[in-house]
1. Yes or no: ASP396 in contact with a Phe, Trp or Tyr (Cβ under 7 Å, 6 or more places away or on another chain), open to solvent by 20 Å² or more (accessible area, probe 1.4 Å) and over 25 Å from ASN329 (Cβ atoms)?
2. Would you call THR8 assigned by TED's automatic domain parsing to the domain that holds ALA370, open to solvent by less than 70 Å² (accessible area, probe 1.4 Å) and at pLDDT below 95?
3. I'd like the residue in the range 14-55 that is of a type in the set (Val, Ile, Thr) and in a helix (DSSP H, G or I) and, out of all such residues, is least open to solvent (accessible area, probe 1.4 Å).
4. Looking at the range 156-195, which of its residues are within 16 Å of the ligand (Cβ to nearest atom) and touching a residue at least 60 places away in the same chain (Cβ under 8 Å)?
5. Return the residues of the range 124-146 that are open to solvent by 10 Å² or more (accessible area, probe 1.4 Å) and part of a loop (DSSP other than H, G, I, E, B); say none if nothing qualifies.
6. State all residues of the range 293-323 that are among the acidic types (Asp, Glu) and within 14 Å of the ligand (Cβ to nearest atom); if no residue qualifies, say none.
7. Which one is nearest to VAL499 (Cα to Cα) among residues in the range 183-211 that are surrounded by 11 or more Cβ atoms within 10 Å (Cβ to Cβ) and of a type in the set (Ser, Thr, Tyr)?
8. Out of the residues in the range 365-388 meeting the condition of being aliphatic (A, V, I, L, M), within 16 Å of the ligand (Cβ to nearest atom) and assigned to a loop (DSSP other than H, G, I, E, B), tell me which one is surrounded by the fewest Cβ atoms within 10 Å (Cβ to Cβ).
Amino acid sequence: MDSPAARTHGRPAITLSGIAYGCDYNPEQWGPETWREDVELMNEAGVDLVAINIFGWSQIEPRPGEYDWSDLDAVIELVHSHGIRVNLGTGTSSPPPWLTALHPEILPTTADGTTRFPGGRQAWCPSSSVFRQHAVALVEKVAERYGSHPAVALWHVSNELGCHNALCYCDESAAAFRGWLQRRYVSIEALNEAWGTSFWSQRYSAWDEILPPRLTISLGNPTQAIDFHRFSSEQLLDHYRSEAAVIRRHSTAPITTNFMVTAHIRNLDYWSWAAEMDVVANDHYLDHRLSDPVAELSFAADLTRGLAGGAPWLLMEQSTGAVNWQPYNIAKAPGQMMRNSLTHVARGADGVSFFQWRASQQGSEKFHSALVPHAGTDTATWREVVELGATLDRLDEVAGTRVVADVAVVFSWESWWAGDGDARPSQGVEYLDQVHAAYRALHGLGVTTDIVSPDADLTRYRLVVAPCLYMVSDDQAAAIDAFVAAGGHALITFFSGIVDQDDRVRLGGYPGAFRELLGIVAEEFAPLLPAHQVTLDTGAHGRWWTERMRTTTAKVIASYLDGPAAGDPAITRNIYGAGVAWYVATALDPEDLRDVMRTAVQEAGAGADGPESDGSIEVVRRAGAGRSYVFVINHSERDLEHRVVGHELITGERVVDLLRVPAGSVRVVREDTTP
Ligand code: GLA
């Protein structure tokens, strides 16, 4: 990626030229004969970056304090001699059996107080000092041994921190949680105030009475649960820091860990993690339980770019075909792996990696796809793997360029944790669904969108969309307010601005923090039963949510014809300072939301990079240093044409006016003139 733009914190950016092509490589599952074949095949496919030692602990430290480097040494030398760079795992992701046998107190505990046993992976408590001590000792050995090895291009701390063990409720976690709370609130009175403990006789008189939000007989305290999420995210980040600090003493190579910006993992607030990564890396797997996995992939890629502050990032894992952990594991269609990979590149990735190199013969992931499938290399998968390598080589010159967007969607892990709380007005409203719905509307309009933190600087955008932003601090609300007052446009959807950072309702009518900005006031939520829908006087339909509200300064764009809020406004538009603020008070049907979004986009003067479609056509531009590249991704079953002039990198053709993109294909054009 060799990108000056990558976050390096004064350290060198990863020094791979062009777009990296990589995978997790688990040679410990195979013998030396296979390793030799592996590196030859890697060269054939153009794989130039392998993540090794991810689950290596029990091999390299087979007994306490006894190290065996022979295999790891041999593998590193072998890949190095074949020109392949190493993304070196610290190996601490899963403790070896001897450690949990010696120290069962490191095992994680669930909310009901049950210990989770070893035998799987990540069986450790993020607050365990014994685990931390052993993990850091291992990192010391690994970093000492390989810290200056020329093959090491990147360090991979642990693996998907918090994938399984983010929330641990054991006694050691309880003590650490209390310490964290003491630092946050200083006095027990301040904690009582923040948690609203006058309710249900929950008032604490001393710190040692406080527990993690273990399973209760009734609903628990919502602010306690939110603080536990904050604490847990910080504990794992602190673990990352401890490992990274050791590596820094031994190596100048950049350090990262693989995020899980994907639909089903929500425990870590990556906005607070991202700045500590030398390069942001993400794992993404298509989730077939979602209604629109294609749009979700683009959303995840855009969110990862947001985490990277717009800089190029690395796709650390995806699959060549099916995974093994969903109820129905769908194989990728021919060409889909290429399209998905290039969607990540279009949206800012300077590297495409996979889990894993060779499909395992044993273990619980033996039915997970890989670059080398069980059936070997005379397979469609392998041919696509080789083709992808060649294609990424042709795209090397794109590395280092950036995506530029006029529109931003605000995304908040805190709103996800808090807004999806146990005692919310409607279980039918889920934060991520509503964020995806807003994103899909923009995606279908062909609008390139940044995904930003609620603390982001919004000034460079024309339109800011805040879906279900339930929890906002005063400062975050003020930033959206100031953005609109200065001439920006905002579109906010229902259940936004409701509470402050302590989950305390903002009084005086909903949507609390945004009442004045939106020029409305609601006195009561009026959610709908799952089978119900409401009709608006524009003919649009809404589900899940309505509210009894009136305008103060806003203009009514649409009202409910029926339902519990019949006659009340459903969509409003308010002129505020030099800008405009839209409110959408129900979960509009996708086409109806797109209609509102289209108007908001046009009025804001935000441009679309591509045509409107059902989401099957994606057009994204990456630009920088006087160059610009247009990616056209055709997920549809028909050929399409796109107006652009330049040089197509995949076919090598000159495009004089209309680029033809065959069904299911991707084209990337270096434009003749930079816009
Ligand atoms: C995660 C992990 C990998 C592997 C894959 C399977 O991304 O990091 O070790 O388990 O999932 O999809």
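The values are calculated or read from the model by the stated rules, or taken from the named source; none is laboratory data. If you're wondering where the values come from, they're calculated on a predicted model, not measured in any experiment. Positions of Cβ are generated from backbone atoms using ideal geometry, with glycine treated the same way; all protein chains shown enter the neighbour counts. Remember, those area values only see protein heavy atoms, side chains included, never the ligands or the DNA or RNA. Shrake-Rupley method; radii C 1.70, N 1.55, O 1.52, S 1.80 Å.
1. Here the answer is no, as ASP396 does not meet what is asked.
2. yes
3. Kept after step one, since they are of a type in the set (Val, Ile, Thr), are these residues of the range 14-55: 14-15, 19, 34, 39, 47, 50, 52, 54.
Of the ones still in play, those that are also in a helix (DSSP H, G or I) are 34, 39.
Details: THR34: 33, VAL39: 1 Å².
Here the answer is VAL39.
4. Within the range 156-195, the first condition is being within 16 Å of the ligand (Cβ to nearest atom), and the residues that meet it are 156-166.
Passing the criteria: HIS156, VAL157, SER158, ASN159, GLU160, LEU161, GLY162, CYS163, ALA166.
5. Residues of the range 124-146 that are open to solvent by 10 Å² or more (accessible area, probe 1.4 Å), as a first pass: 127, 129-130, 132-134, 136-137, 140-141, 144-145.
SER127, the sole residue that qualifies.
6. Within the range 293-323, the subset among the acidic types (Asp, Glu) is 296, 302, 317.
Scanning the range 293-323 gives a single hit, GLU317.
7. THR197
8. Here is the first cut: in the range 365-388, the ones aliphatic (A, V, I, L, M) are 370-372, 375, 380, 385-386, 388.
The next check asks that each one be within 16 Å of the ligand (Cβ to nearest atom); those that pass are 370-372.
Going one step further and asking which of them are assigned to a loop (DSSP other than H, G, I, E, B), we end up with 370-371.
Values: ALA370: 23, LEU371: 31.
My answer is ALA370.
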